[in-house]
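Visitor: I have a structure I would like to understand better, so I am pasting it below and will then ask my questions one at a time.
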Amino acid sequence: MGVHDIIPPSLLAKENKQPFLLVKLRVKQEDVDFCLEKVVLRLGTEGAFKGYAHEWESEGISCHLMGDGHIVHTPGEKKILILSRQGDSHKVTFKVLMEALPDYHLQWRDG
């Protein structure tokens with residue numbers, strides 16, 4: 001799984017409730033003074049973020065944990081339920097999934 005994968009297949013591999021992290025990455029570009037920003041979803045809890053952060057930072061990528069929650073995936077119905085706290089991060093999670101999976105029905109609940 002590369003750092004540029006927005007949604008790794010493991011996040012949607014199971015039909016049961018799975019924890020996810022919403023992370024903003026900043027990747028330094030060569031020969032320019034600005035960074036590429038990217039928002040990604042990763043499988044795991046806040047505790048797993050430390051491992052991801054260590055890996056990214058060793059590659060020169062800065063990261064910021066924006067939010068977390070759970071995803072319930074129903075592949076047969078092409079449906080995803082997002083369970084997260086209300087706020088800006090749930091809107092970003094919804095947008096990331098909507099752009100990556102346009103043929104899915106997405107629903108958000110406070111959770």
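Visitor: Amide H of Gly111: which non-local residues (sequence gap of 5 or more, or other chain) have their own amide H closer than 5 Å, using H built in the peptide plane?
Guide: Ser84, Arg85, Gln86
Visitor: If you add up the charges near Lys17, with Lys and Arg at +1 and Asp and Glu at -1, over every other residue whose beta carbon is less than 15 angstrom from its beta carbon, what do you get? Walk me through the numbers on the way to the answer.
Guide: Details: positive: Lys14, Lys79, Arg109; negative: Glu15, Asp68, Asp110.
It works out to a net charge of 0.
Visitor: Right, another one. At each listed q (0.10, 0.11, 0.15, 0.17 Å⁻¹), what is the log10 of I(q)/I(0) that the Debye formula gives for the chain modelled as equal alpha-carbon point scatterers?
Guide: Taking Cα atoms of the chain as identical point scatterers yields -0.29, -0.35, -0.63, -0.79.
Visitor: Can you tell me the accessible area per residue over the range 9-111, all protein chains present, probe 1.4 angstrom, in square angstrom?
Guide: Working: 6280 Å² over 103 residues.
Dividing the accessible area of the range 9-111 by its residue count gives 61 Å².
Visitor: Working from Cα positions, state the angle (0 to 90°, nearest 10) between the long axis of helix 46-58 and the longest principal axis of the chain.
Guide: Result, in degrees: 30.
Visitor: Counting alpha carbon pairs within less than 8 Å and at least 6 residues apart, what relative contact order, in whole percent, applies to the chain? Display every interim value, and only then the final one.
Guide: Working: 196 pairs, mean separation 28.9, N = 111.
It rounds to 26 percent for the chain.
Visitor: With no solvent and one point on each alpha carbon, what is the Debye value of log10 I(q)/I(0) for the range 5-54 at q = 0.14, 0.19, 0.20, 0.22 Å⁻¹?
Guide: Taken in order of the listed q values, log10 I(q)/I(0) reads -0.44, -0.69, -0.74, -0.84.
Visitor: For Gly44, what residues show an amide H to amide H distance below 5 Å, using hydrogens built from the backbone and excluding near sequence neighbours?
Guide: Long-range HN contacts for Gly44: Phe20, Leu21.
Visitor: How much length is gained if the chain between Asn16 and Thr74 is pulled fully straight, taking 0.36 nm per residue apart and subtracting their Cα-Cα distance, in nm to one decimal?
Guide: Values: separation 58, 0.36 × 58 = 20.88 nm, distance 0.82 nm.
Taking 0.36 nm per residue and subtracting the Cα distance, the gain is 20.1 nm.
Visitor: Indicate the gyration tensor shape class of the range 66-111 (rounded, prolate or oblate), computed on the Cα atoms with a ≥ b ≥ c the square roots of the eigenvalues: a/c under 1.5 is rounded; otherwise a/b larger than b/c is prolate and the rest oblate. Write out the running numbers ahead of the final one.
Guide: Working: a/c = 2.53, a/b = 1.51, b/c = 1.68.
Judged from the Cα gyration tensor, the range 66-111 comes out oblate (a/c at least 1.5, b/c at or above a/b).
Visitor: Right, something else. Can you list the trypsin sites (Lys or Arg not before Pro) in the range 21-111 that are in a DSSP coil and have 15 or fewer other beta carbons within 10 angstrom?
Guide: Details: sites: Lys24, Arg26, Lys28, Lys38, Arg42, Lys50, Lys78, Lys79, Arg85, Lys91, Lys95, Arg109; in loops: Lys78, Arg85.
Listed in order of number, the matching sites are Lys78, Arg85.
Visitor: Rounded to the nearest 10 degrees, what's the angle between the helix 88-100 long axis and the longest principal axis of the chain, both from Cα atoms, 0 to 90?
Guide: Around 80 degrees separate the two axes.
Visitor: Using r as the Cβ-Cβ distance of Leu36 and Phe94, and R0 as 30 Å, what FRET efficiency do you calculate, to the nearest 0.05? Write out the running numbers ahead of the final one.
Guide: Working: r = 22 Å, r/R0 = 0.74.
Taking R0 as 30 Å, the efficiency between Leu36 and Phe94 is 0.85.
Visitor: Right, next: Would you please give the FRET efficiency between Arg109 and His64, computed as 1/(1 + (r/R0)^6) with r the Cβ-Cβ distance and R0 = 22 Å, to the nearest 0.05? Kindly include the intermediate steps, with their values, before the conclusion.
Guide: Working: r = 25 Å, r/R0 = 1.12.
E(calc), rounded to 0.05, equals 0.35.
The values are calculated or read from the model by the stated rules, or taken from the named source; none is laboratory data. All values derive from a computational prediction rather than experimental measurement. Neighbour counts run over all protein chains shown; Cβ positions are idealised from the backbone, glycine included. The accessibility values were calculated without ligands, DNA or RNA, using every heavy atom of the protein model including side chains. Shrake-Rupley method; radii C 1.70, N 1.55, O 1.52, S 1.80 Å.
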